[in-house]
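Undergrad: Take this structure first; my questions come after.
Derivation of every value follows stated rules applied to the coordinates shown; laboratory data play no part. These numbers come from a predicted model, not from an experiment. Using ideal geometry, Cβ is built from the backbone for each residue, glycine included, and neighbour counts are taken over all protein chains shown.
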Amino acid sequence: MLLHGFAAPIDELDAAVECISAAARFRQLKTPSGRPMSAFMTSCGACGWYSDARGYRYELADPLTGEPWPDIPPAFAALARAAATTAGFDPFDPDTCLINRYSPTAQMGAHRDADERDFSQPIVSVTLGAAATFLWYGLERRGSPLRIRLFPGDVLVWGGAARKGYHAVQKPEGGTRYNLTFRKAL
Ligand SMILES: O=C(O)CCC(=O)C(=O)O
Ligand SMILES: [Mn+2]
């Protein structure tokens, strides 16, 4: 479900991203096969998504510092819960928020979010900064995807039968895009 303009006020969210990345900086992760990902990432919450030669997984502490990830800011948690409820997923209890930073040349290839333990909980995904086109393939990674243009403040929620849907993101349009992806991972 696309909740157009659901995330407001955006300034508060931008400031929280700034604050989180001061403690757990954006970094370029590598795929298990050693290819650098084009989006830079960081996380907040009880765990953070990570990838390197050891595989895709959630880490309880930031491997760069050994410190716990910053807490999920109250404004993030409130937004994620409200969006999930509006989309029919109640209660949503995210324990992590992956923050993606896309420079104008960064994108994300087709994948599904499958490193979490609890697939009964949805994914709540928030766009900040520049707009971008999100591609939704559905349960199989082929055919022509649904193209969804995401603008700052838009929130996309997928769960239930769609929880393991394949999706991708194209390069942002004219600037840096940030994406908050809330998940129940542990
Ligand atoms: O940037 C987005 O809109 C989606 C990001 C995503 O799919 C992911 O982090 O798994
Ligand atoms: Mn994803």
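Undergrad: Sort His111, His4 by Cβ crowding within 10 Å, fewest neighbours at the top. Don't skip to the answer; put the middle values down first.
TA: On the way: His111 13, His4 10.
Lowest count first: His4, His111.
Undergrad: Would you compute, from DSSP H runs of 4+ residues alone, the mean residue ellipticity of the chain at 222 nm, taking -39500 (n - 2.57) per run and dividing by the full residue count, rounded to the nearest 500? Provide the component values of the computation, followed by the final result.
TA: On the way: 2 runs with 27 residues, N = 186.
Value at 222 nm, helices only, nearest 500: -4500 deg cm²/dmol.
Undergrad: At Ala15 and Asp115, where each label point lies 7 Å from the Cα along Cα→Cβ, what is the point-to-point distance in nanometres?
TA: Using points 7 Å along Cα→Cβ, the separation is 3.1 nm.
Undergrad: Skipping prolines and chain starts, which residues have an amide H placed within reach, meaning under 5 Å, of the one on Asp62, given they are 5 or more residues away or on another chain?
TA: Correct list: Glu67, Trp69.
Undergrad: Looking at the square roots a ≥ b ≥ c of the eigenvalues of the Cα gyration tensor of the stretch 1-40, which shape do they give, rounded for a/c under 1.5, prolate if a/b is larger than b/c, or oblate?
TA: On the way: a/c = 4.78, a/b = 1.60, b/c = 3.00.
Here the stretch 1-40 falls in the oblate category.
Undergrad: What is the order of Tyr102, Tyr56, Tyr50, fewest Cβ neighbours within 10 Å to most?
TA: Working: Tyr102 23, Tyr56 15, Tyr50 20.
Listed from fewest to most nearby Cβ atoms, that is Tyr56, Tyr50, Tyr102.
Undergrad: Between Thr105 and Lys30, take the C-beta separation as r, use R0 = 30 Å, and let me know the FRET efficiency to the nearest 0.05. Numbers along the way, then the final one.
TA: Working: r = 17 Å, r/R0 = 0.58.
Rounded to the nearest 0.05, the efficiency is 0.95.
Undergrad: Enumerate the calculated ³J(HN,Hα) couplings along the stretch 102-111 in order (Karplus 6.51 cos²θ - 1.76 cosθ + 1.60, θ = phi - 60°), each rounded to whole Hz, writing x wherever the residue is Gly or Pro.
TA: 9, 6, x, 9, 8, 8, 9, x, 5, 7
Undergrad: Does a label point 7 Å from the Cα of Ala162, set along Cα-to-beta-carbon, have any residues of the stretch 130-152 with amide nitrogen under 19 Å, and which are they?
TA: 132-152
Undergrad: While we're looking at this one, here's another question. What list of ³J(HN,Hα) values in whole Hz, one per residue of the stretch 135-148 in order, does the Karplus curve 6.51 cos²θ - 1.76 cosθ + 1.60 (θ = phi - 60°) give from phi, with Gly and Pro shown as x?
TA: Going residue by residue, I get 10, 10, 8, x, 6, 10, 8, 8, x, 8, x, 6, 9, 10 Hz, with x marking Gly and Pro.
Undergrad: How big is the charge dipole of the stretch 34-156 about its Cα centre, in debye rounded to the nearest 20, if each Lys and Arg gets +1 on its Cβ and each Asp and Glu gets -1 on its Cβ?
TA: About 640 debye.
Undergrad: Could you give the length gained on full extension between Ser38 and Arg142, defined as 0.36 nm per residue of separation minus the Cα-Cα distance, in nm? Spell out each step's value before the answer.
TA: On the way: separation 104, 0.36 × 104 = 37.44 nm, distance 2.23 nm.
Fully extending the segment from Ser38 to Arg142 adds 35.2 nm.
Undergrad: Normalise the Cα radius of gyration of the stretch 49-118 by 2.2 N^0.38 Å (N = residues in it) and let me know the number.
TA: In units of the 2.2 N^0.38 Å rule of thumb, it is 1.30.
Undergrad: Mind listing the Cα extents of the stretch 2-183 along all three principal axes, in Å, largest one first?
TA: So the three principal-axis extents are 39, 36, 36 Å.
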